[in-house]
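One structure below.
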Amino acid sequence: MSIVPENPTPAYPGRRWQARHYPGTRSTCTRFRSELRSDLHALAGVPRSLREDIELCGSEAFANSVTHSRSQRPGGTVVRMLSTPIVMGRETTLRLSVIDEGPLNARPLCPPARSSIEEWEQSESGRGLLLIHQLASEWGTQRWTDPTSPAVSGTVLWAEFAYPTPATPNATAGTSTTCACGGGR
């Protein structure tokens, strides 16, 4: 018997998936993306193209974490959080957060500067944050301190994606719907 619902469940304000912890290695990106895809599939009404955009942004955020943060060190980790903080009327907001163990150096997290358009077009990396900027409704970064160990500081890269809230039979009849899934997995 599976405790994971087989049918997608509706979004509701405050819904949170269980935080997922990953080793800070590049080879873990495939698992990260697969589990993100699975969690998004469990949410009713998210358009396929948006799920693909969220997967891509999540992969880019994870890759940044294991390339530019202390998460890449032996034993380092990256944490992924997913929630629907806002469901208002005709629009639902889905928030993806990727938390790493903080920068390797004191430089702020921002798209890298290039000396020319040609150099940027020919480079093999450096477009991840620009891609997130283009695909997310809103995004940003902030410092993060683990409440269990105030000395450990990291960086949260968060991105929000808005999409039309699907109409449900109860919602169109003027009654509210309640999700029995308990808010997460």
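Rule-based calculations on the coordinates, nothing more; no lab input. All figures in this text were calculated on a predicted structure; none of them were measured in a lab. Reconstructed Cβ throughout: ideal geometry from the backbone, glycine too, with neighbour counts over all protein chains shown.
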Report task. Report the extension gain between H21 and R33 in nm, rounded to one decimal, defined as 0.36 nm multiplied by the number of residues separating them, less their alpha carbon distance. Result -> 3.1 nm
Query - Cα-projected label distance for E91 with L56, points at 7 Å along beta-carbon direction, nm - result: 2.2 nm
Query raised in the report: For E160, what is the net charge nearby, where nearby means another residue's Cβ is under 13 Å from its Cβ and Lys, Arg count +1, Asp, Glu -1?
Result: -2
Requested in this report: Report the net charge of residues surrounding V46, where surrounding means a beta-carbon distance below 15 angstrom and charges are Lys +1, Arg +1, Asp -1, Glu -1.
Outcome: 0
Query raised in the report: Which net charge results for the neighbourhood of G24, defined as the other residues with beta-carbon distances under 14 angstrom from its beta-carbon, given Lys and Arg at +1 and Asp and Glu at -1?
Result: +4
